[in-house]
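All of the numbers you see were taken from the coordinates with simple rules; none came from a lab. Note that the structure is a prediction, hence the values are computed from the model and not measured. We place every Cβ from the backbone using ideal geometry, glycine too, and count neighbours over all the protein chains shown.
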Amino acid sequence: MQYIRSTLLRHISKLDILRILFALIKDSRTYVDLVLKETNERKRKLLLLWFGPFPSISVTHPDTFKQLAKQVPLKARGPMDGYTFFEPWLGEGLLISGGKKWERNRKLLTPAFHFDILNGYVNVMNETADSLLAKLADASKNDKVVDVFPYVCRASLDTMLRCSLSYEEDLQQTTVSGYLDTVRRLSEINWERSLRLTLLSDTVFKWSSVGREFYQLCDQAHKFTGGIIQSRKKELEKQPNITQQKRRLDFLDILLTARDEHGQGLSSQEIQDEVDTFTFEGHDTTSSAISWTIFALAKHPELQAKVFHDVKGVLKDQDLVTTDHLGKFTYLPLFIKEVLRYYSPVPMVGRRQTDTPVVIDGIEIPVGVSFWIQIYCIHHNKDVWPNHEVFDPERFQASNRDDTDIYGFIPFSAGSRNCIGQVFAMNEIKITIAKLLSRFEILLEPGNEPVLLPDVIMRSENGISVRLKERKN
């Protein structure tokens, strides 16, 4: 730590430093607001924050993120690196692992997201969207205001489990899903832990009341996903050729049957880690994106009319959204992209270099310092996005954007560690919103403005509430 500290201090004239006391960071909103203020008022591209004795570099501009990404830093794992806190739950799946292990497993899992595989999920996405609409119709009867977030969460998890694990139980038929509650609480605990110096030690955390709760919840999450894995393994033992008979292989099929160039497959623990990672990431981030899209449609009725016109122009009178339809929407994708920029469902991602120092803008940053790519702040950097506080889908028209600037719009990150499931997620968002708008007009409920809470995903402190009005045929 002394080496890191002395190296950073040598560059004090080059790198703006902001010392942060734990008492000043009450929650994730305070933290992100502080970084955004430094970004826009003092035009910082790199921001060094000290959480007590722990240094952390916030990256808030495409130029600096590009330099960082090209030096291939690993995932953040170490003191004050939030990914470490997720290891007891998610193990070393693609989100957390690094080096040769990450490269091998990423290569083995890539076929699960081939275009032909994704096409097979479209009908499932339509079915789960139909179930969601039925639930929302019931909840909004008699002009009731409805918080869409919990409904969308159950629908996204339903989609994820049915597509990736061929899990057929309809989670939308229950008002409360134990797994969803578990995921939400696990994420909350990790944020609480990252802001409490006394809980950074694994030993102290394990013996604390919140630590004991965390590990109990991890066991519950593993029991849920582990049961699905074991059931599929038994199927394969009884019918070794069952994957050859299937019309559509799912994510778990590929996990269980994938082999590298040496003929080695994934271990039982690796399979468990990837299922836990994909189940969590695949539903949580997408549910945030869909929910904020619904709210944005309500808040901007004139834009909602444009999206509706686009959707009806493509679907006509059809209820089923097909793969062909997905490529024909024009304004809907622009609107979704602006939601992903404006609300940034994943507010930040972490990196950590473990082998050699990183050099950014001529500044040498020593091994052992964590980096946080501040996605929300990059998306609201006024030097990158003119009128960043204005919600404007038109900014994503081809004539208004430089397609080569992949580091300024990064809802799925960028570079080698971008999100492997981004096409899957975009398909789900498009299908859900297209079907929702075909059935409902979405109305804003005055006085129910959501309060952004940029935790592991972008949530709202007070829900995402709207009114839904059935459209007349």
Could you compute how fast region 368-449 diffuses translationally, taking Rh as the Kirkwood radius over C-alpha pairs and applying Stokes-Einstein at 10 °C with viscosity 1.306 mPa s? Give it in µm² per second.
100
The answer for the net charge of residues other than GLN422 whose Cβ lies under 15 angstrom from its Cβ, with Lys and Arg +1 and Asp and Glu -1, is +2
Cut-off 14 Å between beta-carbons: net charge of the residues surrounding SER268, Lys and Arg +1, Asp and Glu -1
-3
Length gained, SER267-GLN220, 0.36 nm per residue minus C-alpha separation, equals 14.8 nm
I want to check a number: in region 178-294, how many lysine pairs have alpha carbons closer than 23 Å, given a sequence separation of 8 or more or different chains?
7
I'd like to know which of ILE360, TYR151, VAL210 lies farthest towards the positive end of the charge dipole of region 2-470, counting +1 on Cβ of Lys and Arg and -1 on Cβ of Asp and Glu.
ILE360
Reachable lysines from LYS435, Cα under 25 Å, same-chain residues fewer than 8 places away excluded?
LYS135, LYS141, LYS144, LYS299, LYS306, LYS312, LYS316, LYS328, LYS337, LYS469, LYS472
Leading residue at positive end of dipole, region 251-339 (Cβ point charges), from VAL275, VAL307, GLY265
VAL307
Pop a pseudo-label 7 angstrom from the Cα along the beta-carbon direction at both ALA137 and ALA305 and give the gap in nm to one decimal.
2.6
Please list, or write none, the aspartates and glutamates whose alpha carbon is within less than 18 Å of the alpha carbon of LYS70, excluding same-chain residues fewer than 8 places away.
GLU103, ASP355, ASP361, GLU364, ASP405
Could you size up the charge dipole of the chain around its Cα centre, putting +1 on the beta carbon of Lys and Arg and -1 on that of Asp and Glu, and report it in debye to the nearest 20?
600
Counting Lys +1, Arg +1, Asp -1, Glu -1, what net charge surrounds PRO454 among other residues with beta carbon under 12 Å of its beta carbon?
-2
Once you sort the root eigenvalues of the Cα gyration tensor of the chain as a ≥ b ≥ c, which label holds: rounded (a/c under 1.5), prolate (a/b larger than b/c) or oblate (the other case)?
oblate
Note the full-extension length gain between GLU87 and VAL390 as 0.36 nm times their separation in residues minus their Cα-Cα distance, in nm to one decimal.
105.3 nm
In terms of the charge dipole of the chain, which places +1 on Lys and Arg and -1 on Asp and Glu at the beta carbon, the residue among LEU48, VAL124, SER460 farthest towards the positive end is LEU48
